[in-house]
Each structure stands twice: as C-alpha cells, then as structure tokens.
C-alpha cells in the first residue's frame, strides 16, 4: 500500500470525501434536508440524469446515509429517508452554505438558514461540544488520534505548531 493510499485510508477527511465528495451526493443530501425523499422529487429539483441519480442514491444508501422504504408495490417505488448517520451530515452542509454566502455571494445571499419556530435567520458556527467554544483555525490544530499510525504521527507532528509539552507521544497502536 502506498503512503498516499494509507493516508487516505486513515484520514477522516479523505474517507468522508470518498463517501460524499461527489457533486451530486452533496446536492441530494441538501435536498433531503429540505424534505425531498422520492426519486422523481430529486430528479426534478436537480435536473440530473436518472442513471446518475440512481447510482448516487444507491451509493448513499449503501454507506448508510439513506434508508430505502417501499411506498408503492406496483410499480415498486421507494422513499429515500435520511438515517441518523445522514442527518449527522447536516452541519457540514450548513457550514458550506454559510461559507458560500460569506465568500461567493457578493450580491447577497439567496438562501439562508432560519429558526423553524421564529423564521429568524441563523448563522452556523462550529463549536467544541464540551466548552461551546468556536472552532477556528486560530484555536485548534490537528493531532494524531489513538489509532493513528506511526506515519500519521510523523506527518502531523512535522506540521504542528503546538508547544512541545502538548505534543502526544507513542505509536497509537
């Protein structure tokens, strides 16, 4: 196995991109978060070819982001319902929406997130769960996790700007 393949296999970002990094997958998830669940609804919304949509929905179902539920026997038709794993992807799409509005919409936002109850616009931010502190490039750094290989430790340690006392040691086996 090459070093690049090992990094892709070990890196959670690379694994996520392998699962949902394809253009149509993200847009299908976006539409599912807005309540679409049927093949024809996705196709009408996205304008995607049926073979591509079928392939993407099959993939998203196989990796556990959707569950297929039969709603018509003849002909067989299915709803694609978000699983808990699929719903957990919502903050990623929310962050993409916020970034796109901030950096790619000089004329102003065309889509916002809003509180369901009040309709008041909200701005997504990524927080550390225990402390509720915003996570920014200035406040965090990547470190090797408990299952990281020696190569991953070396890769991350060579790029990190942590004081030496805070750099974890060990192989992470």
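The values are calculated or read from the model by the stated rules, or taken from the named source; none is laboratory data. Predicted model, so just to flag it, every value in this text is computed and none were measured. Cβ sites come from the backbone with ideal geometry, for glycine too, and all protein chains shown count toward neighbours.
Summary table
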| read-out | value |
| --- | --- |
| Enumeration of residues in region 70-91 that are under 20 Å from the mean Cα position of the chain (by Cα) and farther than 10 Å from residue 124 by Cβ | 80, 81, 82, 83, 84, 85, 86, 87, 88, 89 |
| Residue check for residue 35: touching a helix residue (DSSP H, G or I) at 6+ places or on another chain (Cβ under 6 Å), on the phi > 0 side of the Ramachandran plot and modelled with pLDDT of 95 or more | no |
| Contacts under 6 angstrom Cβ, first residue in region 47-64 being under 18 Å from residue 30 (Cβ atoms), partner at pLDDT below 95 and not in a loop (DSSP other than H, G, I, E, B), 6 or more apart | 63/19 |
| Subset tally (residues that are under 29 Å from residue 39 (Cα atoms) and not in a helix (DSSP H, G or I)) for region 76-116 | 18 |
| Of all residues making up region 112-142, the number that are surrounded by 10 or more Cβ atoms within 10 Å (Cβ to Cβ) and either under 19 Å from the mean Cα position of the chain (by Cα) or closer than 30 Å to residue 159 by Cβ (or both) | 14 |
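Residues are listed down the side, and each one gets a yes or a no for (1) loosely packed, with under 12 Cβ neighbours inside 10 Å; (2) under 15 Å from the mean Cα position of the chain (by Cα); (3) closer than 30 Å to residue 154 by Cβ:
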{"residue": "12", "(1), (2), (3)": "yes, yes, yes"}
{"residue": "25", "(1), (2), (3)": "no, yes, no"}
{"residue": "28", "(1), (2), (3)": "no, yes, no"}
{"residue": "31", "(1), (2), (3)": "no, yes, no"}
{"residue": "39", "(1), (2), (3)": "no, no, no"}
{"residue": "45", "(1), (2), (3)": "no, no, no"}
{"residue": "65", "(1), (2), (3)": "no, yes, no"}
{"residue": "68", "(1), (2), (3)": "no, no, no"}
